[in-house]
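Following: one structure in C-alpha cells, then a few remarks.
The values are calculated or read from the model by the stated rules, or taken from the named source; none is laboratory data. Values in this document were obtained by computation on a predicted structure and should not be read as measured data. Ideal geometry is used to build each Cβ from the backbone, glycine not excepted, and the neighbour counts take in all protein chains shown.
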There are 2 protein chains.
Amino acid sequence: MNFNEKYGAYLDEFNTVLNEFCNGLDCRPEVLKESLKYSLQLGGKRIRPVLALATADLLGLESRKIINFALALELIHTYSLIHDDLPEMDNDDYRRGKPSNHKVFGVGNAVLAGDGLLNTSYSILLKECRNGAEYVSASEYICHCAGVYGMIAGQSADLLHENDKSFNELTLNFIYENKTGKLIMAPIVTASILSGGKYYSELKAFGRDLGELFQITDDILDVEGDFSKLGKSVGKDKEEGKYTSVAVYGLDGAKIRADVLAERCRAVLEGIDGDRGFLVGLVNYVRNRKN
Amino acid sequence: MNFNEKYGAYLDEFNTVLNEFCNGLDCRPEVLKESLKYSLQLGGKRIRPVLALATADLLGLESRKIINFALALELIHTYSLIHDDLPEMDNDDYRRGKPSNHKVFGVGNAVLAGDGLLNTSYSILLKECRNGAEYVSASEYICHCAGVYGMIAGQSADLLHENDKSFNELTLNFIYENKTGKLIMAPIVTASILSGGKYYSELKAFGRDLGELFQITDDILDVEGDFSKLGKSVGKDKEEGKYTSVAVYGLDGAKIRADVLAERCRAVLEGIDGDRGFLVGLVNYVRNRKN
C-alpha cells in the first residue's frame, strides 16, 4: 500500500468507529444530539486518530487497544474547534467548508456541544481505566495535554497575545507547544504508554516537532492557502493580529522553520525499529499539505 | 454540634482542600490561573461537597476517601456556572454578589476557564482511578451526571424551552432532573458507591428528590428573593421566559411541591440506619433557604 492508500485505510478504520459512536448517541433533546453529530461528522483529516493507529502499528500494538483513545482525542479536538470558532474566540463562520457549529445551532448550543464532547471524551477514557494501570496512565496523559497545562493554556496565551506586536520566540513556542503541539503529541505518546513505554522519549520528541510543524504549516496556509481547499477562511491571522510563526519569522522564515522541523521528525524516526515508512510519509504530507 | 456548626465544620474541611488546590495551581498565563481561582473562590454554599462529606459520615466512610470527589464535583459545578452565566446562555452579570467570570475576564477567557475547570475535574477523578474499581465506578457516575445524559442535557432542554408557553410537567421534570438533580445526586450516590453500594437505591431516591427541591426553592427565590442575600439577579426567570416550576405550578403550587419533596426526603432518610440528623437538617435548610 502506498501512503495515500494506508492513510485511507486508517481513516476508514477510525470513521467506522466514529460513525458507530455517533449512531449510538441517544441523548436528548434532539438539538443537542444533532449538534454533537454535526461537528463530529464534518469530516476533516482525522490526523490525531491516524497518528494513534499508525504509531500503534509501528510499535506492534493492536489497534483495538488504542482505538477508543483515538476516539476520545477526536472528541476533544472537535470540542476545541467548536469553542475556538465562537464569536468572542477566533470568530470563524466556516469549518471544513461548512458553517461552524454556532452558525447552525446558535452560540448557547455550541457552548453546550463543546462541553458535551469534552465530557463524553472522559466517559470513554474512564471506561478504559478498567483495563489496567497503563490505560489510566494514557488517560491521564491525554487529560494533561488537553487541560490547563496543555491546550487550554495555549489557547489562553493565544487570546492574550492577540495584537501584541512584541514578537518573540519564547512566547510563540509556549503558544504552539500547548495550543497545537500537546494534542498532536497525545496520540503518539499514548501508543507508547499502551505499549509499555516503547521509544517513549523518541516519540515524545517526534510528537513535539510534528505538532509545531503542523501549526506552522497552518500559518503558511493562512497566507497562501485557498478557501476551496482549506474549507475555512484565509488571511485571518494577520487581520486579527494573531501571534503566529509568520508574524515572528516572516513567511520565508516560517517555511525554513517548517523544513527544519520536518527534517528533525524524520531523523527521530530513523532511530526507531520497525516499519516507519508511513510516519515518514506523514511528516512529508504535513509539510506539504494544502488543507 | 447543632446543624449550623456541623455545616460550618464540613465547609471548613472542604474549603481547606479547595484552597490548597487553588494555591497549587501554577498554570500559565496568569489570566487563566486567576480566572479559575476567581470563580472557585467566590464562596457559595458548597452544597455538593457538604452532601458528599455528610453522606460519607452517615455511611461510616472516611472523609479522605471522598474529598477529592467532592473537589471534582465543585469544579464541575463552578464550570457550569461560568458557562451558564455567559451572555448567550443565561446572561447573568452577577454571581454570589460579585461580577460573573466573563464580566471580569471577558467572554473568551470565561469559555476557557469553564473548559479548564471541567478538564481539571477529570484530572482529579482519573488520579482516583488508581485506587480501585469502586473509584472508577464513582468517577464514571459523576461523569454520567455531568454529561450529555445529565446536566448538559438539562441545560440544553432549558435553553430549548425558553419562551415555550406550553408548560407541562414532563418537560419540567426532564429539565430539573438533569439540569440540577443529577449533580445534587452525584455526591450522595458517590458516597454510596465508595461504601460498596450501601443504601444505593434509597440514596439515589433521596438525591433525586433533594435535587428537585433545590431547584424549586431556586425558582421561588427568583420570585421572592432578595439580591443582597442571593448575590445574583432576581426576577430573571419570568423576564426571560424560563420553563420553571413557578411557571408550571404557580408560586403556591411550587411551594406545595417543595413541601411534598422535603417530606419525601425525610421519609427516605428514616429508612437509613445511622446518624441522619444532619441530612434531615439539610433538607429543612434547602426548603427554607434565603440564598
**OP:** Considering (1) facing chain B (nearest Cβ under 7 Å); (2) of a type outside the set (D, E, K, R); (3) crowded, with 24+ Cβ neighbours inside 10 Å; (4) more than 17 Å from residue A:146 (Cα to Cα), say which one residue A:126 fails and leave the rest.
**Re:** (4)
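What about residue A:3, is it within 17 Å of the chain's Cα centre (by Cα) and farther than 30 Å from residue B:171 by Cα?
On the way: within 17 Å of the chain's Cα centre (by Cα): no; farther than 30 Å from residue B:171 by Cα: yes.
No.
Quick grid of which residues meet (1) free of Cβ contacts under 8 Å to residues at least 12 places away in the same chain; (2) touching a Gly at 6+ places or on another chain (Cβ under 8 Å); (3) within 10 Å of chain B (Cβ to nearest Cβ):
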{"residue": "A:160", "(1), (2), (3)": "yes, no, yes"}
{"residue": "A:163", "(1), (2), (3)": "no, yes, no"}
{"residue": "A:170", "(1), (2), (3)": "yes, no, no"}
{"residue": "A:204", "(1), (2), (3)": "no, no, no"}
Original post:
Just to be sure, is residue A:152 hydrophobic (A, V, I, L, M, F, W, C), facing another protein chain (nearest Cβ under 9 Å) and crowded, with 24+ Cβ neighbours inside 10 Å?
Top reply: yes
**OP:** Answer yes or no: is there a residue in the stretch A:185-205 that is closer than 23 Å to residue A:291 by Cα, in contact with a Cys (Cβ under 9 Å, 6 or more places away or on another chain) and in a helix (DSSP H, G or I).
**Re:** yes
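Assess whether residue A:164 counts as being of a type in the set (Asp, Glu) and surrounded by fewer than 24 Cβ atoms within 10 Å (Cβ to Cβ).
yes
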**OP:** For the stretch A:231-264, name all the residues that are in contact with a strand residue (DSSP E or B) (Cβ under 8 Å, 6 or more places away or on another chain) and of a type in the set (Val, Ile, Thr).
**Re:** none
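Yes/no matrix, rows are residues, columns are (1) assigned to a loop (DSSP other than H, G, I, E, B); (2) crowded, with 17+ Cβ neighbours inside 10 Å; (3) touching a Leu at 6+ places or on another chain (Cβ under 7 Å):
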| residue | (1), (2), (3) |
| --- | --- |
| A:241 | yes, no, no |
| A:250 | no, no, no |
| A:254 | no, yes, no |
| A:257 | no, yes, no |
| A:261 | no, yes, yes |
| A:281 | no, no, no |
| A:286 | no, yes, yes |
Original post:
When the residues of the stretch A:167-182 are filtered to those that are of a type outside the set (Ser, Thr, Tyr) and more than 20 Å from the chain's Cα centre (by Cα), which remaining residue is surrounded by the most Cβ atoms within 10 Å (Cβ to Cβ)?
Top reply: A:167
Original post:
Restricted to the stretch A:2-51, and to residues that are part of a helix (DSSP H, G or I) and of a type in the set (S, T, N, Q), which residue is farthest from the other protein chains (Cβ to nearest Cβ)?
Top reply: A:4
Subject >> Among (1) closer than 24 Å to residue B:35 by Cα; (2) more than 9 Å from every other protein chain (Cβ to nearest Cβ); (3) not basic (Lys, Arg) - the single one residue A:72 does not satisfy >> reply: (1)
Original post:
Restricting the stretch B:62-90 to residues that are part of a loop (DSSP other than H, G, I, E, B) and without any contact (Cβ under 8 Å) to a residue 40 or more places away in the chain, which is surrounded by the fewest Cβ atoms within 10 Å (Cβ to Cβ)?
Top reply: B:62
**OP:** State yes or no: is residue B:180 in contact (Cβ under 8 Å) with a residue 12 or more places away in the chain, among the hydroxyl-bearing types (Ser, Thr, Tyr) and under 18 Å from residue B:291 (Cβ atoms)?
**Re:** yes
Subject >> Filtered residues of the stretch A:52-61 (kept if assigned to a helix (DSSP H, G or I) and either within 13 Å of residue B:111 (Cα to Cα) or hydrophobic (A, V, I, L, M, F, W, C) (or both)) >> reply: A:52, A:53, A:54, A:56, A:58, A:59
Original post:
Can you name the residue in the stretch B:211-243 that is of a type in the set (S, T, N, Q) and modelled with pLDDT of 95 or more and is also nearest to residue B:177 (Cα to Cα) among such residues?
Top reply: B:215
Subject >> the stretch B:131-142 - residue that is at the interface with chain A (Cβ under 7 Å from one of its Cβ atoms) and touching an Asp or Glu at 6+ places or on another chain (Cβ under 9 Å) and, of those, surrounded by the most Cβ atoms within 10 Å (Cβ to Cβ) >> reply: B:139
Subject >> Enumeration of residues in the stretch B:80-92 that are more than 7 Å from chain A (Cβ to nearest Cβ) and within 18 Å of the chain's Cα centre (by Cα) >> reply: B:80, B:81, B:82, B:84, B:85, B:90, B:92
Original post:
From the list A:282, A:261, which residue is modelled with pLDDT of 95 or more and over 29 Å from residue A:163 (Cα atoms)?
Top reply: A:282
Original post:
Considering only residues of the stretch A:93-119 that are part of a loop (DSSP other than H, G, I, E, B) and more than 13 Å from chain B (Cβ to nearest Cβ), which is surrounded by the fewest Cβ atoms within 10 Å (Cβ to Cβ)?
Top reply: A:93
